[in-house]
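One structure below.
The values are calculated or read from the model by the stated rules, or taken from the named source; none is laboratory data. Bear in mind the structure is a predicted one, so any value in this text is a computation, not a measurement. FYI the Cβ positions are ideal-geometry reconstructions off the backbone, even for glycines, and counts take in every protein chain you see.
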Amino acid sequence: MKISLVPQQKGISLIELLVALAISSFLLLGISQIYLDNQRNHLFQQSQSTNSEGSRFVALMLNDYLGKAGYRRDPAQLLEDAFPEVSANSDCEAFAKGAVIAPTRNSLGICLRYQPLVSGEPDCQGDDSKAFDDSKPFKAPPESALITLALNYTPATELHQGLLECKNLNAKSPGSMELLAGIADMRLEFGVGSKDMFEKKLTEDSGRFIDASTWTINSGPIRAVRYSILLASREEQRDGESAIFDAWLDKADTTSKARLTAEDKNRIYQVASSTQTIRNLMP
């Protein structure tokens, strides 16, 4: 009887190894796809959240300052005395006597003015306004204490880098301060009333809304402001079309439409809009 001394060899065959590798590859592909989908969803939700927070902030901030426009410490003080005529400058169009709202020179922002409630009231830059005697609640401050703000939109090549900036024109050292980034586009319309600033009776011209770019000092006093702001995320954050973006383009002018379309790059969008009556001008 012949006995073999060669030990019996056991292991994984090449076929079994290939099958195992194939199964592992399918599992890895599935796990990778789940990871990529979760990452894409996370970035989408993060971008949406950032846009939503930005839209709420800009609406609250603009509505707050528009609510201050035309404020007088002494309610009996005449508008023409509280807000004198001011010529146009590098930031704002001219203010007529008694007017408290005007467009910026590029028609992409709002200039507004109001009296401070208290001495040294902070402006949008966080700086104290000029001090005055505020010991009496209904005493009008001196003209030098008047606060005039320019809230201006500055477009950027990268849509998510557009800025809304604020500047106090009566500050000791006026300079612009960033309020919010991520603004792709901004539209402004002004509701104008009678061309007589102090005429309380409504006329055929009252209640008209005109584009900020077409407004002139002869268009009539601005009694309401309607704004729409398009906020944008970083590029490549969405798959497919954006209904918000398409709706915005439908009302965009040729120049804005070309700029936005060229720089879309699959961004996520959000719109903040509101119409605010300048309540301190109401009879």
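Quick notes
- From the options Leu146, Leu62, residue that is closer than 18 Å to Thr277 by Cα and of a type in the set (A, V, I, L, M, F, W, C): Leu62
- Subset tally (residues that are out of contact with any Asp or Glu (no Cβ under 9 Å at 6 or more places or on another chain), closer than 13 Å to Lys172 by Cα and buried (at least 17 other Cβ atoms within 10 Å of the Cβ)) for the range 120-131: 3
- Odd one out for Tyr114, checked against (1) within 20 Å of the chain's Cα centre (by Cα); (2) surrounded by 21 or more Cβ atoms within 10 Å (Cβ to Cβ): (1)
- Only residues that are touching a residue at least 40 places away in the same chain (Cβ under 8 Å), in contact with a Lys or Arg (Cβ under 9 Å, 6 or more places away or on another chain) and either under 25 Å from Phe95 (Cα atoms) or buried (at least 17 other Cβ atoms within 10 Å of the Cβ) (or both) were counted in the range 132-146, giving 5.
- Some residue of the range 192-200 being in contact with a strand residue (DSSP E or B) (Cβ under 6 Å, 6 or more places away or on another chain) and at pLDDT 90 or above: no
- Residue within the range 205-216 that is modelled with pLDDT under 90, outside any loop (DSSP other than H, G, I, E, B) and among the charged types (D, E, K, R) present: yes
- Qualifying residue in the range 247-268 (condition: surrounded by 13 or more Cβ atoms within 10 Å (Cβ to Cβ), outside any loop (DSSP other than H, G, I, E, B), in contact (Cβ under 8 Å) with a residue 40 or more places away in the chain and among the small types (Gly, Ala, Ser)): yes
- Complete set of residues in the range 146-183 that are among the small types (Gly, Ala, Ser) and either touching an Asp or Glu at 6+ places or on another chain (Cβ under 8 Å) or modelled with pLDDT under 90 (or both): Ala150, Gly162, Ala171, Ser173, Gly175, Ser176
- Here Gly67 clears all of (1) under 15 Å from Leu151 (Cα atoms); (2) touching a helix residue (DSSP H, G or I) at 6+ places or on another chain (Cβ under 6 Å) except the condition numbered (2).
- Annotation: of all residues in the range 241-268 being closer than 11 Å to Leu159 by Cα and of a type in the set (Lys, Arg), the one that is farthest from the chain's Cα centre (by Cα) is Lys265.
- One residue from Ile34, Ile3 being surrounded by fewer than 11 Cβ atoms within 10 Å (Cβ to Cβ), in a helix (DSSP H, G or I) and modelled with pLDDT under 90: Ile34
- Pairs meeting the criteria (first residue in the range 88-99 and under 14 Å from Leu146 (Cα atoms) and modelled with pLDDT of 90 or more, second residue surrounded by 14 or more Cβ atoms within 10 Å (Cβ to Cβ) and of a type in the set (Lys, Arg), beta carbons under 8 Å, at least 6 apart or on different chains) are Phe95/Arg113.
- Filtered residues of the range 168-195 (kept if surrounded by 20 or more Cβ atoms within 10 Å (Cβ to Cβ) and more than 27 Å from Ala252 (Cα to Cα)): Asn168
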